[in-house]
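Q: Following this message is one structure expressed as structure tokens.
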């Protein structure tokens, strides 16, 4: 059922996701509510104003500039629901509406496995990541990682010739770390570079966990090699668990702090990996389960529905706002408890989202941001 | 219900277990069948003759010499069922009827944990065994091991002051390896040296797995640190599983062959150990479950029953022998299928055991030895 966006739709999608306070969840709510990105963009200023603060809407020229830059670098934008969008990621909660991709999107249609681990990995850890990636690549798997120093770089390097995917935390032109420029170029030969961030975006600390959800989301499972406690690799593992992906880890010496996090995963029940066959055995049953990924945004109906931006009654809005608090609440509960109809609750939540006053969480939950966090 | 053997009983027990073709299982059958070791000893020559080959019965003088040697070395014999016999071992299938013990048998009444591993362990493996044994000792646990080089020696050394037990594969005067003489002496300060073999017995290859069942049997659980494939530590782990003991292992690098066996245990579900708290958490629920260990040989009734060594009818014997084969058969099945009464089947099996023609296996099973293996 995958279709391609038209040029106008693609510009509207890009403007919408690049507008202030619009993340993947809000994007989905807006497109579903208004029947498409074009209509959502039109509704945006009024919605945000009603929420209490007008957010900055991405100008058409800025979106066109970004697309020109992407094309100039030989990359392209792939939208959620298009045929080249990574299928496992499409099925994940919070999937990015648009990915910037350089290289060969064809790899997304082969089974993918993430290999992640410490930047300061031991020599043995790097060797193991190298061996694992080479063997999995040889067996037809695409290796996904984050292009970091240490385990990530070892895994990418060993699978350049069989296909590997590096997910950036910043824009595709903002490589981090810079010394991996040559590796990034080599990855493009048979694999792909991926980012959900705009060109020119320098990655900040909070962009890395956000990026890690894409690594986990693209893959059937994540192998953690040498992760310390409180490391990014453990965040990837946690996100993978939340997404229902297989979490695997390689054992390490109990005396090595670089392995404390990965050993903790194993203690908590992660699949025990000492060779590539262990990975294949764990993941093979997950390939081609025959279910098409859910289509969270129906492109077929996109832009088709009518414009519906009627202002909710002040009473209804007040009741919804009153029910919100700092703990995430289920949207379904808000509908039931407020007595307002579902469409009204959706509109009120969109207003608040665009004003930066609430956050969306996985599983259809929202929570109020503390006032000092309003953006 | 524990009682102490009288001097005469102890000599009879020692003669019986030191007689040819009498192992722990046969010992139990004989004592239970004849109501005591004294009566069993009397029945032995006739039984063995009927089985087809007279085994060598340990002479009284030889047993007295052994006891004198044991006493001269400051050690003593502790019989299954006596108060100082290690309680967990008493409950194990194939528990040795007699243990020679030097040092302090009092440690047997504290909770015990085995730490075993590679003789060629890495520096990290030895350090981990040292840390684990010291912490477990500090927490009140007695550390059991096999006095081998590498992990065993590290575990004993670190727990000398808190109590550790070394189980020998040969006689207590046949230390292996010889360079651990000083360590063995230090172990006696707060712990104990244990053997089921006669004084003067030089350990052969097959004595080590036999010894390993005592290590596992004394302990609530076994921690394996750095075991290669086909190593003695894996045998200990397998025996521990069969005995219902907790099997635990420390992780190691997937690239280190010295850790392949221990990693394989973890892959198969052994409890994952990276610190002493993991061990305590796994074993604490097993302490003091309130059940007294089963008394496989009732000393209270020993020597009390009458002498019963009536020769079975030739027909009955022939039917039992015909049912035996190279695959282990349940004794209960032999009784049912032969139509002979249980006591007759027991007698026939004792005859064959003493003639070295059958082997006892765990779970009340026996199998015929191939003719070329008859001893």
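Q: Among A:245, A:50, B:275, which comes first, second and so on when ranked by fewest other beta-carbon atoms within 10 Å?
A: B:275, A:50, A:245
Q: Give me a single rounded figure for B:249-259: the average over its residues of other chain Cβ atoms within 10 Å of their Cβ.
A: Average per residue, whole number: 6.
Q: Taking 8 Å as the Cα distance limit and 6 or more residues as the minimum spacing, I'd like the relative contact order of the stretch B:37-166 as a percentage.
A: Relative contact order, the stretch B:37-166: 17 percent.
Q: Sticking with this structure for a sec: Please arrange A:167, B:223 by how many other C-beta atoms lie within 10 Å of their C-beta, fewest to most.
A: Lowest to highest Cβ neighbour count: A:167, B:223.
Q: Please state the Cα pair-distance histogram of the stretch B:117-184 with 10 angstrom bins from zero: what percent is in each bin?
A: Computed distribution, short to long bins: 24, 53, 23, 1.
Q: Another question, then. When a/c reaches 1.5 or more, the comparison of a/b and b/c decides; with that in mind, is the stretch B:52-121 rounded, prolate or oblate per its Cα gyration tensor?
A: prolate
Q: Nearest-to-axis residue of chain A, judged by Cβ, for the A-to-B rotation, with distance in whole Å?
A: Nearest Cβ to that rotation axis, in whole Å: A:251, 1.
Q: Here is a further query. Just counting partner chain Cβ atoms within 10 Å, what average do the residues of peptide A:172-183 show around their Cβ?
A: 0
Q: Using Cα pairs closer than 8 Å and at least 6 residues apart in sequence, work out the relative contact order for chain A, in percent.
A: It rounds to 19 percent for chain A.
Q: Please give the helix A:342-354 orientation as an angle from the longest Cα principal axis of chain A, in degrees from 0 to 90, rounded to the nearest 10.
A: With both axes taken from Cα atoms, the answer is about 70 degrees.
Q: From the square roots a ≥ b ≥ c of the eigenvalues of the alpha-carbon gyration tensor of the stretch B:76-287, which class results: rounded (a/c under 1.5), prolate (a/b over b/c), or oblate?
A: Cα axes put the stretch B:76-287 in the rounded bin.
Q: If you don't mind, another one. With every atom except the alpha carbons ignored, what do you get for Rg and Dmax of the stretch B:1-120, in angstroms?
A: Cα-based Rg and Dmax for the stretch B:1-120 come out at 15.8, 49 Å.
Q: Once you keep just the Cα pairs under 8 angstrom separated by 6 or more residues, what percentage relative contact order results for the stretch A:179-277?
A: Answer for the stretch A:179-277 is 23 percent.
Q: Report the extension gain between residue A:62 and residue A:322 in nm, rounded to one decimal, defined as 0.36 nm multiplied by the number of residues separating them, less their alpha carbon distance.
A: 89.9 nm is the gain from fully extending residue A:62 to residue A:322.
Q: Please report how far the C-alpha centroid of the stretch A:109-165 lies from that of the stretch B:54-104, rounded to the nearest whole angstrom.
A: Answer, in whole Å: 58.
Q: Measure nothing fancy, just the Cα-based angle from helix B:123-138's long axis to the longest principal axis of chain B, in degrees from 0 to 90, nearest 10.
A: The angle comes out near 80 degrees.
Q: Antiparallel versus total DSSP beta bridges in the protein assembly as shown: what percent is that, nearest 5?
A: 45
Q: A follow-up question, please. Given the DSSP H assignment, sum -39500 (n - 2.57) over each helix run of at least 4 residues in chain B and divide by its residue total; what's the result at 222 nm in deg cm²/dmol, nearest 500?
A: -12500 deg cm²/dmol
Q: How many partner chain Cβ atoms sit within 10 Å of a residue's Cβ in peptide B:265-277, on average, as a whole number?
A: Going residue by residue through B:265-277 and averaging, the value is 4.
Q: Follow-up question, since we're still on this one. Between the stretch A:22-42 and the stretch A:172-227, what's the alpha-carbon centroid distance in Å?
A: 27
Q: Here is a follow-up. Kindly work out what percent of the DSSP beta bridges joining two residues of the stretch A:76-287 are antiparallel, to the nearest 5.
A: Given both bridge residues lie in the stretch A:76-287, the antiparallel proportion sits at roughly 30 percent.
Q: Quick one: order A:58, A:174 by neighbouring beta-carbon count within 10 Å, fewest to most.
A: So the residues, fewest neighbours to most, are A:174, A:58.
Q: With label points built 7 Å along Cα→Cβ from the Cα atoms of residue A:242 and residue A:268, find their separation and express it in nm.
A: Simple spin-label model gives 1.2 nm for this pair.
Q: Express as a percent, rounded to the nearest 5, the fraction of DSSP beta bridges in chain A (both residues included) that run antiparallel.
A: Around 45 percent antiparallel, to the nearest 5.
Q: Give the whole-number value, in cubic angstrom per residue, of the convex hull volume spanned by the C-alpha atoms of the protein assembly as shown.
A: In the protein assembly as shown, the Cα convex hull volume per residue is 206 Å³.
Q: May I pose another question? Across bins of 10 angstrom width beginning at 0, how are the C-alpha pair distances of chain B distributed, in whole percent?
A: In order of increasing distance, the bins hold 5, 24, 30, 24, 14, 4, 0 percent.
Q: Next up: How big is the stretch B:163-258 by Rg and Dmax over its Cα atoms, in Å?
A: Just the Cα atoms of the stretch B:163-258 yield Rg and Dmax of 14.2, 42 Å.
Q: For the stretch B:326-374, count all C-alpha to C-alpha pairs, find those more than 13 Å apart, and express that count as a whole percent of the total.
A: 55
Q: Follow-up question, since we're still on this one. Measuring nothing but label to label, 7 Å from Cα along Cα→Cβ, what are residue B:106's distances to the other copies in nm, shortest first?
A: 7.8
Here, each number is a calculation from the coordinates, and none is a lab measurement. Since the structure is predicted, the reported quantities are computational estimates derived from the model, not experimental observations. Counting neighbours? That spans all protein chains shown, and the Cβs are built from the backbone with ideal geometry, glycine included.
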